[in-house]
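The structure under discussion appears below in the form of structure tokens.
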């Protein structure tokens with residue numbers, strides 16, 4: 001955003017959109033439709049960030065490329081938080097001690113949740 005000849009970068013959350021068909025073509029179409037419905041000019045797109053699924057980040061037919069085909073200034077930046085989350089999700093299943101630890105932790109949580117819940121007090 002430019003005000004009084006000063007540039008201010010803004011990041012805004014737009015919406016959650018439910019999808020039934022998870023192809024790059026459908027998802028990119030839904031994103032573009034939503035942005036247009038909100039009155040955003042596609043020539044003002046400057047950045048995109050998604051999880052690192054091939055369908056989203058694909059450099060030939062992924063969502064990021066389809067949007068970049070509309071506006072070459074819409075640069076894609078991989079979301080490092082999604083990558084880090086994948087490490088947290090999958091790393092424990094590789095190490096046996098981690099599986100045991102997280103399994104025990106989950107059972108403890110379930111036990112205390114059940115004890116404190118209305119179902120557990122009857």
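Throughout, read-outs are computed from the coordinates displayed, never taken from laboratory work. Not measured: the values here are computed from a predicted model. Neighbour counts run over all protein chains shown; Cβ positions are idealised from the backbone, glycine included.
What relative contact order, as a whole-number percentage, does the range 35-122 give when Cα pairs under 8 Å and 6 or more residues apart are counted?
Relative contact order here is 21 percent.
Using the Kirkwood radius over Cα pairs, work out the Stokes-Einstein diffusion coefficient for the range 1-56 at 20 °C and 1.002 mPa s, in µm²/s as a whole number.
It diffuses with D of about 160 µm²/s by this estimate.
Counting other C-beta atoms within 10 Å, which of 56, 43 has the fewest, and how do the rest follow?
Neighbour counts put them in this order, fewest first: 43, 56.
Please arrange 110, 28 by counting, for each residue, the other beta carbons lying within 10 Å of its beta carbon, fewest first. Please list the in-between numbers first.
Working: 110 10, 28 23.
Listed from fewest to most nearby Cβ atoms, that is 110, 28.
For the range 42-82, what is Rg from Cα atoms divided by 2.2 N^0.38 Å, rounded to two decimals?
On the way: Rg = 9.6 Å, N = 41, 2.2 N^0.38 = 9.0 Å.
The range 42-82 yields a ratio of 1.07.
What ranking, highest mean first, results for peptides 61-69, 73-81, 10-18 when packing means the other Cβ atoms within 10 Å averaged over each residue?
Top to bottom by mean Cβ count within 10 Å: 61-69, 73-81, 10-18.
Hey, what number do you get for the chain at 222 nm if only DSSP H runs of n ≥ 4 count, each worth -39500 (n - 2.57), divided across all residues, to the nearest 500?
Value at 222 nm, helices only: -14500 deg cm²/dmol.
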